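This report refers to the structure that appears directly beneath it.
Please treat every number below as a calculation from the coordinates, not as lab data. All values derive from a computational prediction rather than experimental measurement. Neighbour counts run over all protein chains shown; Cβ positions are idealised from the backbone, glycine included.
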Protein chains: 2
Amino acid sequence: MTKGVTQGPSRRRGRRPGGTDTRAALVEAAREVFIEHGYDGATVRVIATRAGVDAAMVNHWFGGKEGLFAEAVLKLPFNPKELVDRLLDGDVDDIGARIVRNFVTIWDNTGGGVFTALIRSITSHEQAAHVLRDFLVKHIVGRVLNSVGPDRHELRATLVGSQLVGMGMVRYVAQFEPLASTDIEMMVAAVGPTIQRYITGDIT
Amino acid sequence: MTKGVTQGPSRRRGRRPGGTDTRAALVEAAREVFIEHGYDGATVRVIATRAGVDAAMVNHWFGGKEGLFAEAVLKLPFNPKELVDRLLDGDVDDIGARIVRNFVTIWDNTGGGVFTALIRSITSHEQAAHVLRDFLVKHIVGRVLNSVGPDRHELRATLVGSQLVGMGMVRYVAQFEPLASTDIEMMVAAVGPTIQRYITGDIT
């Protein structure tokens, strides 16, 4: 599948030395390859080849394919692997609270504009929506559910996604008060039990 | 405040006879006046004057200001007054289920494109977001909460909004499976208890 990836005539095929130049080249190549082949179809090898960079640099700079995708395509302000480790570190009965606390803390700190840009890319590019869905369901919420979810992981993952996306829409995009200014721990108290039930509770 | 509303030179000032022409003129005038003055600042009298139509026609065609707003600005595929009456008709302990069932039924029947258009207008026009917030919080969820909500009506209303908007985003805009194809009664079972808690439960 990946053998036939075309490279434009302007692409460098030689290896580049490490450094910020390498990093930027990987981000640029990754954006193209992920959009062309989807998350699962894209390989680190193809991305590195297109960037003219050693494949080991992907681990070095981004901690793997997920991290490169999160930065290059989603422009997420966090490393997904580290985030999932943080979410799983603690009592299972508090995982809903930890998810809400991390979500609101990250996006409050990043500023609503970045979240709004993410939502715009979902609403205007069908391809972006599908790639994001695959990524979120399998590699963020999916990893959490594989550790602690009882059954129906994919439905649970999309339910969690629905509440988090909606919370972000109301807090950062539409900025509906009072939710837009409600402090983090009050958000955790209000929304944490919803996420907890979607992950470990009875949903049928 | 509304005295100074300007009328373009092309506007008709004379009364029009009733009929679909009147209806269309009201929708056109309403769109302008609501955007200029917001939901609360706009009056039926000013809209009717701009349309060159008797103010009684607003009640006749739209059942009042909310109905005109829902159709002219939000292009909602339902009459908000009738919807709220339907939601309030039944056991308070099932209101979360009724809200989810009505939400999914209405938008499944309308087609996802209309919901996507609504979300796009929120993400690209700050004014549209504020007007929508006022309308939803005060005149739809607000009316429900005035009947059955214990306290913190505005926070509860925005929490309900967050889950409904997110459910619509995942089901109609991003179309994340399996939630996008989950049947209505399974959605009611999964999301109904969330909405119920946001309306009548302990959220702190």
For region B:67-140, what is Rg from Cα atoms divided by 2.2 N^0.38 Å, rounded to two decimals?
-> 1.15
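Taking the Cα centre of region A:80-200 as origin, sum charge times position over the Cβ atoms of Lys and Arg (+1) and Asp and Glu (-1), and report the length of that vector in debye to the nearest 20.
Values: 12 positive and 14 negative charges, 66 e Å.
Roughly 320 debye, rounded to the nearest 20.
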Order of A:Leu26, A:Leu164 under a 10 Å beta carbon neighbour criterion, fewest first = A:Leu164, A:Leu26
extent check for region A:20-72: Cα max minus min per principal axis, descending, whole Å, gives 25, 19, 15
Point me to the residue of chain A whose C-beta lies closest to the A-onto-B rotation axis, rounding the distance to whole angstrom.
-> A:Gly166, 1
Relative contact order for chain B: what is it in percent, counting Cα pairs under 8 Å that are at least 6 residues apart?
-> 21
The protein assembly as shown - charge dipole about Cα centre, Lys and Arg +1 at Cβ, Asp and Glu -1, debye rounded to 20 = 1640
Using only the Cα atoms, work out Rg/Rh for chain B, with Rh taken as the Kirkwood radius, to two decimals.
-> 1.01
Using Cα positions and a limit of under 14 Å, work out the aspartates and glutamates in reach of B:Lys81, with same-chain residues fewer than 8 apart set aside.
-> B:Glu66, B:Glu71, B:Asp89
Kindly give the distances from B:Pro150 to its copy-mates, label point to label point, with each label point 7 Å from Cα along Cα→Cβ, as nm values to one decimal ordered shortest first.
-> 2.5
Where the label is 7 Å out from Cα toward Cβ, how close does A:Ser181 come to the same position in every other copy, in nm, shortest first?
-> 4.5
Inter-copy spacing of A:Asp134 label points, which lie 7 Å from Cα along Cα→Cβ, given in nm from shortest upward | 4.4
Please give the helix B:95-110 orientation as an angle from the longest Cα principal axis of chain B, in degrees from 0 to 90, rounded to the nearest 10.
-> 60
Which far-off residues, 5 or more places away or on another chain, put their amide H under 5 Å from the one on A:Thr182, with H placed in the peptide plane?
-> none
In degrees, nearest 10, range 0 to 90: what is the angle between the Cα axis of helix A:184-200 and the longest Cα principal axis of chain A?
-> 80
Given Cβ charges of +1 for Lys and Arg and -1 for Asp and Glu, the option among A:Leu132, A:Gly166, B:Ile184 whose Cα lies farthest towards the positive end of the dipole of the protein assembly as shown is A:Leu132
Calculate one ³J(HN,Hα) per residue across region A:73-89 by plugging θ = phi - 60° into the Karplus curve 6.51 cos²θ - 1.76 cosθ + 1.60, and present them in order as whole Hz with x for glycine and proline.
-> 9, 8, 6, 5, x, 7, 8, x, 5, 4, 4, 4, 4, 5, 5, 7, 8
Compactness ratio of region B:147-204: Cα Rg over 2.2 N^0.38 Å, N = residue count?
-> 1.23
Cα-based helix-to-principal-axis angle, A:20-41 vs chain A, degrees rounded to 10 | 70
Size of charge dipole - chain B - debye, nearest 20, with Cβ of Lys, Arg +1 and Asp, Glu -1, no other charges = 1040
Convex hull over the Cα atoms of region B:80-200, averaged projected area in nm²?
-> 7.0
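What do you get when you divide the Cα radius of gyration of the protein assembly as shown by 2.2 N^0.38 Å, with N the number of residues?
Details: Rg = 24.2 Å, N = 408, 2.2 N^0.38 = 21.6 Å.
Working it through for the protein assembly as shown, the quotient is 1.12.
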